[in-house]
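One structure is given below, encoded as structure tokens.
The values are calculated or read from the model by the stated rules, or taken from the named source; none is laboratory data. Values in this document were obtained by computation on a predicted structure and should not be read as measured data. Note that we place each Cβ from the backbone using ideal geometry, even for glycine, and neighbour counts take in every protein chain shown.
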């Protein structure tokens, strides 16, 4: 009867049946169970054998992975025990452990195959034989347990699982992190005459020698290292499949000129990375892919990334430590990162020269169409990434680095610490950040490097449209996202999301290639040349550090602090404030501020100088000498102020009254006016040189200095300046002009003016 009701609990028991067991509670079983057989048993769970049991000679017992047999002192083994999991204590008799031979076989009476798995008997003697060993060569075996010694291809099996890989040659490779040569024992040397044997690369080391073309897709199983020998050319038609859970590391040699080209890839597959529904199912994410050298060109095919995920697969874990790469891909996928609909995964670039172009709708580095950028870290290298690939005349819509086109195409988390980065986004997509139409935040952290980022506008749109979209930030000009800049040089065509602007610290050329501004107190940790067409402003309260890495071929305008002198053919200008005058010579005005060129001659001209006064100059830096209204500009900002000297002083004495026929003495004493000017006493008003009586009778008169008649406005006394305490005297003769017609008392008023005038005045 095959009823399914009820449940069976098994704990720490040995069960032998002829017939089935109700398996309703199978996941909870813990015991040694021989279901419907007396010969083949399986251990479930972690049972403890509490009663003595003899495994007869006709019986086999399998201990699968993740199971453990306890209490084995009560087990008498006369049969065969196959251990994938744990046998808690030693057991006598035939006990076998898994044995894996890569590119080879195992021979001897102590070798057994049980349920399609090869086993070696504990303490047995086993001989290894390599396959695909070149003629005239013998394999050198590498064991997963370095305590196991292989002598003449023979070893003694321990009580543990082992994996053996044959070494047919020792090949050098360049280790880029520590910058030194290393040597690896290779399982095979891939050549033109044997490549057809290697459609699958299993765990181990391989090297490519000469010109090699593989006509089918190569699949990586396990952890594979591939050395591109100097001068080799390895073309893989169909690409290299590295699915999630597997790992491929590509090495170069010291020259680094070995080439790998993955091309003619099956639709939906990555050039190097995830497969498609035919080769393993949709949503095939890339595995762990590391590039340490060589020249790599990888072409994904329709919906598959150049390096990373297959159709709808994430990019996996991609690390680039060295080498040169160029990715050309199909539609809807990233150059490096996710396939169509797949996120970028975890991408780390530490060095190398990388050119990566996404397919239509996919980022250059990051997510495929409608997918996020993932986690992207750039610690060095020369990187060019584009998401502007067009289709049927339509502009590309993905980020250069970050998210693909679509509502889910967020920038992800992007960290840049070093390197030279050139990122171009498609229409309304960020150069670094989110793709067009993405909805949600992105997190971008720039901590160093030289970054060039640009968005794009539709064909025919005016350049002003760039200001509507972010070169760094969210796509479509959305304001969400967080951008931090703590160092580095950033040059954009398009805006930068400014939500954290107050915290920025860097050299930033926003939406311009010509005019940059220093924010905060950045340290320039990477060499950068300010071109002859570029200007850099260091505002007040900012400081540029690490200037030994700066070559200035343009113009630097300093209102803040330039920590150290800079090299180059360009000019450094410091802020100059002139109070009470203007400056000429080696000066320029930038953004409405006057600057003096370091080492240049600056001339000064006082304005609004009071009459007959001279201007001197004071300087905020008392080490600066101003001579003849000129000085040499130092490497620091200055304020110079006009100071007017030699204020005139004098004493002029004029009699209060004089009678006709008498002489009036006018005297100037203690006259102190500057050279080039003079003290002048003038007859300013004599009322027509006539006197009158109370009755209205008039009498004319004359005023003479010697024989010279004096009229109104005439100077009667002049004393030249330039000599301290100068003086002068004049006697004026007042005389009637004819006899009066009428008797009476005649009176009138004479007025004089005193002034300091230029000596050139008449």
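Could you tell me which residue of segment 582-593 is surrounded by the fewest Cβ atoms within 10 Å (Cβ to Cβ), considering only residues that are part of a strand (DSSP E or B) and under 33 Å from the mean Cα position of the chain (by Cα)?
589
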Taking residue 579 as the residue in question, decide whether it is in contact (Cβ under 8 Å) with a residue 40 or more places away in the chain and surrounded by fewer than 18 Cβ atoms within 10 Å (Cβ to Cβ).
yes
Return the total of residues in segment 495-528 being over 21 Å from residue 447 (Cβ atoms) and within 16 Å of the chain's Cα centre (by Cα).
0
State whether one or more residues within segment 414-425 are within 22 Å of residue 370 (Cβ to Cβ) and touching a helix residue (DSSP H, G or I) at 6+ places or on another chain (Cβ under 8 Å).
yes
Per the list (1) part of a strand (DSSP E or B); (2) under 36 Å from the mean Cα position of the chain (by Cα); (3) at negative phi, residue check on residue 171 breaks on (2)
State which residue is nearest to the chain's Cα centre (by Cα) when the search covers only segment 91-117 and only residues that are assigned to a strand (DSSP E or B) and over 22 Å from residue 68 (Cβ atoms).
101
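Okay, residues lined up against (1) within 48 Å of the chain's Cα centre (by Cα); (2) buried (at least 17 other Cβ atoms within 10 Å of the Cβ); (3) assigned to a strand (DSSP E or B):
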site: 564; (1), (2), (3): yes, no, no
site: 605; (1), (2), (3): yes, no, yes
site: 609; (1), (2), (3): no, no, no
site: 617; (1), (2), (3): yes, yes, yes
site: 621; (1), (2), (3): yes, no, no
site: 644; (1), (2), (3): no, no, yes
site: 655; (1), (2), (3): no, no, no
site: 660; (1), (2), (3): no, no, no
Filtered residues of segment 70-90 (kept if within 18 Å of residue 14 (Cβ to Cβ), modelled with pLDDT of 95 or more and outside any strand (DSSP E or B))
78, 79, 85
Of (1) buried (at least 24 other Cβ atoms within 10 Å of the Cβ); (2) in contact with a strand residue (DSSP E or B) (Cβ under 6 Å, 6 or more places away or on another chain), residue 404 satisfies every one except (2)
Which of the residues spanning segment 709-751 are closer than 26 Å to residue 696 by Cα, surrounded by 17 or more Cβ atoms within 10 Å (Cβ to Cβ) and touching a residue at least 40 places away in the same chain (Cβ under 8 Å)?
733, 734, 746, 750
Unmet requirement for residue 315, which otherwise passes all of (1) part of a loop (DSSP other than H, G, I, E, B); (2) at pLDDT below 95
(2)
Where residues in segment 19-69 are surrounded by fewer than 13 Cβ atoms within 10 Å (Cβ to Cβ) and under 19 Å from residue 90 (Cβ atoms), which of them is modelled with the lowest pLDDT?
50
Please go through (1) surrounded by fewer than 20 Cβ atoms within 10 Å (Cβ to Cβ); (2) out of contact with any helix residue (DSSP H, G or I) (no Cβ under 9 Å at 6 or more places or on another chain); (3) assigned to a strand (DSSP E or B) for residue 220 and return the number of the only condition it doesn't satisfy.
(1)
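How do the strands (runs of 3 or more DSSP E) wholly within segment 466-534 filter down when requiring 2 or more residues that are in contact with a strand residue (DSSP E or B) (Cβ under 6 Å, 6 or more places away or on another chain) and at pLDDT below 95: which remain?
Because the criterion is at least 2 residues that are in contact with a strand residue (DSSP E or B) (Cβ under 6 Å, 6 or more places away or on another chain) and at pLDDT below 95, the strands (runs of 3 or more DSSP E) in segment 466-534 that meet it are 470-473, 482-493.
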Quick test of your reading of the structure: residue 576 fulfils all but one of (1) outside any strand (DSSP E or B); (2) within 16 Å of residue 634 (Cα to Cα). Name the failing condition by number.
(1)
